[in-house]
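The values are calculated or read from the model by the stated rules, or taken from the named source; none is laboratory data. Since this is a predicted model, take the numbers as computed values, not measurements. Neighbour counts are summed over all protein chains in view; Cβ atoms, including those assigned to glycine, are modelled from backbone coordinates with ideal geometry.
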Protein chains: 2
Amino acid sequence: MAKSQAMTSNLGVDYVIVYRFATTEETCNADRGRPDKTTASNHFEELVHRLASVGLATEVRNGENHSLLLFIRVASEKHLHGEVYRSRVKDWIHGVRSAEPSRETQQSLIKDPMVESERLRIIYQLITNPQAEGGAGITPKKGEWENVESLFSLHDHVYNKEWIKKWATQWLLTPEDLDDIRDRLGEKIGFYFAFTQAYFTFLLFPAGFGIFAWLFLGHFSSIYGIVMSLWCVVFTEYWKHQEHDLALRWGVRGVSQIEAPRHEFQAKTTVRDPITGEDQATFPAVERLQRQLLQVPFTVAAVLLLGTMIATCFAIEVFISEIYSGPGKSLLVFLPTVLLTTGLPLLTGLLTQFATRLTDFENFETESAYEKALTRKIFVLNFITSYLPVLLTAFVYVPFGSIIVPYLDVFALITRPFANSEKELHTTAVPNQFAINPARLRKQVIYFTVTAQIVGFATEIVVPYAKRQGFLKYRQMQSARAQKSSGLAPSASVEDAPEEKEFLARVRSEAELDVYNVYDDLREMVVQYGYLALFSVIWPLVPLSFAINNWVELRADAVKICVEMQRPAPYRADTIGPWLEAISFLGWVGSITGAALVYLFSNDGIGPDGSPSDIKGWGLLLSIFFSEHLFLFARWAVAMAISRIDSPGRQKERRERYLTRQKLFEESLDQTHKLPPMSEKGGEITRSSLEEEARSSSLGTASPEEKFWNRQRNWRESAQIGTGLIERSVPTQKEMEAGGKKEL
Amino acid sequence: MAKSQAMTSNLGVDYVIVYRFATTEETCNADRGRPDKTTASNHFEELVHRLASVGLATEVRNGENHSLLLFIRVASEKHLHGEVYRSRVKDWIHGVRSAEPSRETQQSLIKDPMVESERLRIIYQLITNPQAEGGAGITPKKGEWENVESLFSLHDHVYNKEWIKKWATQWLLTPEDLDDIRDRLGEKIGFYFAFTQAYFTFLLFPAGFGIFAWLFLGHFSSIYGIVMSLWCVVFTEYWKHQEHDLALRWGVRGVSQIEAPRHEFQAKTTVRDPITGEDQATFPAVERLQRQLLQVPFTVAAVLLLGTMIATCFAIEVFISEIYSGPGKSLLVFLPTVLLTTGLPLLTGLLTQFATRLTDFENFETESAYEKALTRKIFVLNFITSYLPVLLTAFVYVPFGSIIVPYLDVFALITRPFANSEKELHTTAVPNQFAINPARLRKQVIYFTVTAQIVGFATEIVVPYAKRQGFLKYRQMQSARAQKSSGLAPSASVEDAPEEKEFLARVRSEAELDVYNVYDDLREMVVQYGYLALFSVIWPLVPLSFAINNWVELRADAVKICVEMQRPAPYRADTIGPWLEAISFLGWVGSITGAALVYLFSNDGIGPDGSPSDIKGWGLLLSIFFSEHLFLFARWAVAMAISRIDSPGRQKERRERYLTRQKLFEESLDQTHKLPPMSEKGGEITRSSLEEEARSSSLGTASPEEKFWNRQRNWRESAQIGTGLIERSVPTQKEMEAGGKKEL
């Protein structure tokens, strides 16, 4: 029962800070100046004080390995409500919320209740915002607060259990399920699940159509290619629309505009605006632009390095598997795989580090700008590592294989200097025996879209789980041994109060979990989408494989967040950000590769006219040209059509904006009503008014303007005179004739 | 002196309405039910009454040919100020103005004085807005008010004279000159002049570079082509930026969002929104989309019709000028020109009418949406008629001339059935004698970019002027004759008061002027830009010609507006609208045609390798592919770079938004300040508090949560206990060793 108590209640804890006052490495390597205990104590006191000063109550408990667990909760709900209200007003003023919050705090909270993610976000901001902005200024792992090892909220295990149970038994996710995630984990994670769900739903159509194409249309079907290209367009544009709508539904539209500044941003000049008095820490745009130009050499270098590596491994592989027939072939076959699996992650890691440094150097002002710039660079790396192998097979190996492969003998010459007579090699093994292996392309695509997905799933979910279980076992053993040997490292739990024991054990174990990064999951989805957009024409069952994979993935990600990760802090977002650009871009590239693949392989790898020699450069380029421009035109047309579609979210927003406008308008116009109503000039044409007119015109001192405007003193006079003019107008021909007839 | 008086003063007249109570045709064709005089009188009375009801004073005078001149001015300045203020508040609420207008009307007008175009726009809206929206509902030439022939304000001749004088002597226009136009004629016309000025300024660089290329780089220089393509990118993106900036500077950013609804819009359903109570006249988007699909057959038909016509004339021309050598050649040479100059305008007119009807049928809700849709269709027509002839020469005549031209003998067979022996014709005249005329392309481009510009200038400025002078002469003669013969049609000026005679004569002559349509001038500029983007690589002096032309054009347009047109009513706009899309599109197409032209003709019309037969399809397509994608990439990069550039307009807007936000924020937060400040839990650890703790924990009824949180009663206790935990932490290895050493 105690166990279930610990699992079901968080005892009102909002956040937990792990404060590490000494690290194990420092213990071993004492020369590096470990802060002594007094410093650590003072620092910790400062931490607790700061938290208290922003209205947070704290409790401290012992943690593992020289750390303290600091439990945080809001001291007064009323104070929290004030903070929530402030945040909402700020949103409204920045145009994020369309309805003005009620002027009375409590009423506003009743009308629009606070969800858990909002509560946790506000508290998170209270803890991390700079002191100048009313926060405690605690920045985990950064600068002054390096000792604050992590800051996380506790999992809601009751909800998590229900969540996983519900999803596992449910075929499709409803919008309410997504709302639920948003309410719990914030909009940023909500957008990931919404995107994956939309992607999954959209996949159902090509999955079905793919089976049809696989059965009836044959390989490299142009019909399938066109349908997939259109599908990409519709999906991308639909998601843009949907994203907008979700942002409105969740009340976060435009939130990226008011995002908190980056802590690492280094202003070059601080300008105090003479009018607003607002200190503006700025960094000249031109200088940043210059720094961004470094991306060009970076991209070139990345393409060259990764490209060379992949191409080399590819060449070795082709050589060994298709030309080489010397000794050790059975072992040498694994050489390229070994090279790739060791070298590629190393190189990618290196380049990613470099990209991060480059982005740091670009010195962005906001987190979102930073993230966007970094994502773009990472996307380039991902693009190369993910798609280059297939591109090489499709556009180098197959069309030019018979020309290039013989040159791979250079390897043969080096690796087998003592081989049989060269003549034999050349004449028999290479130009005659060598034939392009058309199955290679399909095999490769199947590998990337089925095998690699399953392997990825395993490394993402199963391996960490096993690792963690092993680690826990190891820890238990170690601590048992330590206690037995000398009592040196007693477990942190020794001093726990009995009724808290279970709860604290749970918190300690959650403290050791990883931090969830939703962008990694998003990247995975986008890379997957890329295979679909670029290569699914090679093997029409790709969408089916992905549909199955993503159904599982959605649920596995939920499990991952609940079990393997610390509960993520709820961030806000109004888009999946730079990945949207990536999707759009991949669809575009897909229209090119799709056309090229169909043209090159439409007759099972032997070109449109039955023999590979009949592949014409201009034919290929013309297919690409038409396909690409049709794609761009379709995109334009679909975007136009979709932009016309209305949605409940948009309607709600318009309604709210209307009401707010109306209210403001009325308030502002109150005083114009005080203006005297328009009084008509003069009144009836009375004797006195006529006399007045006569007098004024006889005065002669009246300006020409006055004279002009005083001839007719009100609208009735104008009408009278006009009528007179009409009546007196020259009789028309007909009247003339009629008159003439009468006279007769 | 009286004359100059009439020219210098408008006698305070804001607008003039020409009310025609009987038309000449009706006079002749009396069966069609001419409204009799009583109806006309009543109708006129209603008109005057309506105007009076919205606070406008009127004066009526006699007009030419059965018409009345109704002079309108605002009766009370205070009332007008109220209207201006209302309009400004509305702008602010819709986010057009960034600063909230002062809450006091007069103060707002002092802070931000009303310019003439604002005044005239407000009065124009008073006259034309529906009665439900507080206007008089007078819609010239439409529906009930068909008799209101025109509604215009009077030229300010003093200003006009200065304007033209200033511009004629000034080399470049300053931003203040543009502000001046905007203050007088409104933002829509202001944007036209701003665009043309920006275009002219940008042209100076390619004009210079073009001379350089013409002298040193030879024809069809790839360097020139690349430079021009980049120039197009930079110009388009710069203009987007500039346009945004101007819209902020002129306070109209976002004005297209709040545009008045179209009078002709026919709602299908009127839905009363249950929440706002706002009547929403709507037309289903899906139905409109279906109607818009008609554009596809329309475009196809237009391309086919115009294309066939142009291609036929082209073929006839080639045939006659280059193959035909029979009788009547000197006359027949003019046949295609005659066909084109008569048939093309006829066909274009027909298609334009059709496009207008199609757009009417699409039933748009706002004027701007309507205008946009119509412009798009007109642009397609313009694209075909303007560029197809050159495209035919470049991409059909030159590369395929030697293949196609012989088939033109079909004409020969028909037109000359009795010609010399066919054998002779075929063998001598066509395949052997016929040679492509490479000068044709250049001649054609020179024609379109120099000759046609001058001709266009003449038809636009000189011809109307001459026509008008002639018309005036004719009228004078006619009226003199009429008076002499029977006194039937006395001039309208007979009854004029002597001091008004000159003024009224001027008004009557202005009433007969045409209505200025700024979109015609914009279209002309965009079509011109198209020649530059698409074909300037053929003859590098194109930009020079255009630069000279546009310097004159800017001034000629000013003269045109002042002399040949009624003073245009000031409309607002925040962009050059759909023409921006057109420019962007033309630049893109230019990247394709440019590459193709350079590839095809780079060695003076004989292909890259010196002989026309060496032109490879894949080479051409590859050039296009690279050029286009480089263009798109450059556009993306330039757009990114330019979007980072700040500007005074943007700064001003940010500042104003900041101030407004701050004010609203403070007002809204006033009452959250009333919340009690955060009080720290408990105080010092006193005996009583400890006793209290003991008691509460001994009570046993406390929930686990309470127990957990009551262990440490304030931050000082937390800090104390944390410090304690740190102090008591297990001694580290080093301390152990130190301790060990001491013991030794």
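When residue A:41 is tested against (1) surrounded by 18 or more Cβ atoms within 10 Å (Cβ to Cβ); (2) under 18 Å from residue A:571 (Cα atoms), only condition (2) is not met. In this entry, residue B:451 passes the filter for residues that are out of contact with any His (no Cβ under 9 Å at 6 or more places or on another chain), assigned to a helix (DSSP H, G or I), at pLDDT 80 or above and β-branched (Val, Ile, Thr).
Counting just the residues of region A:363-390 that are in contact with a Leu (Cβ under 8 Å, 6 or more places away or on another chain) and buried (at least 19 other Cβ atoms within 10 Å of the Cβ), which one comes out farthest from residue A:310 (Cα to Cα)? Filtering first and then ranking leaves A:377. When region B:37-56 is filtered for residues that are of a type in the set (Asp, Glu) and either at the interface with chain A (Cβ under 7 Å from one of its Cβ atoms) or part of a strand (DSSP E or B) (or both), only B:45 remains. Out of all the residues in region B:239-256, is one or more touching a Gly at 6+ places or on another chain (Cβ under 6 Å), at pLDDT 90 or above and assigned to a helix (DSSP H, G or I)? No, the conditions are met nowhere in region B:239-256.
The condition (being surrounded by fewer than 17 Cβ atoms within 10 Å (Cβ to Cβ), touching a residue at least 40 places away in the same chain (Cβ under 8 Å) and more than 14 Å from chain A (Cβ to nearest Cβ)) is satisfied by just one residue among B:537, B:552, B:542, B:518: B:552. The set of residues from region B:72-94 being outside any helix (DSSP H, G or I) and at the interface with another protein chain (Cβ under 8 Å from one of its Cβ atoms) comprises B:73, B:75, B:76, B:94.
Right, residue A:331: modelled with pLDDT under 85, of a type outside the set (Phe, Trp, Tyr) and surrounded by fewer than 20 Cβ atoms within 10 Å (Cβ to Cβ) or not? Considered against the rule, which asks whether it is modelled with pLDDT under 85, of a type outside the set (Phe, Trp, Tyr) and surrounded by fewer than 20 Cβ atoms within 10 Å (Cβ to Cβ), residue A:331 comes out as yes.
If you go through region A:57-70 and keep only what is closer than 15 Å to residue A:11 by Cβ and more than 8 Å from chain B (Cβ to nearest Cβ), you end up with A:61, A:69. Reported count of residues in region B:99-147, each being within 14 Å of another protein chain (Cβ to nearest Cβ), assigned to a loop (DSSP other than H, G, I, E, B) and buried (at least 16 other Cβ atoms within 10 Å of the Cβ), is 7. Among all residues of region B:296-313, there is at least one that is farther than 30 Å from residue B:406 by Cα and more than 14 Å from chain A (Cβ to nearest Cβ). The combined condition, being farther than 14 Å from residue B:232 by Cβ and either among the hydroxyl-bearing types (Ser, Thr, Tyr) or not assigned by TED's automatic domain parsing to the domain that holds residue B:121 (or both), is fulfilled by residue B:561. If the condition is being assigned to a strand (DSSP E or B) and either touching a residue at least 24 places away in the same chain (Cβ under 8 Å) or of a type outside the set (Gly, Ala, Ser) (or both), then region A:57-70 contributes A:58, A:59, A:60, A:61, A:62, A:67, A:68, A:69, A:70. Regarding residue A:583, is this residue crowded, with 20+ Cβ neighbours inside 10 Å and touching a His at 6+ places or on another chain (Cβ under 8 Å)? Answer is no for this residue. Residues of region B:534-578 that are among the hydroxyl-bearing types (Ser, Thr, Tyr) and assigned to a helix (DSSP H, G or I): B:545 alone. For region B:609-725, the helices (runs of 4 or more DSSP H) that sit wholly inside it and include 3 or more residues that are at the interface with another protein chain (Cβ under 7 Å from one of its Cβ atoms) and modelled with pLDDT of 75 or more are B:617-643, B:704-709.
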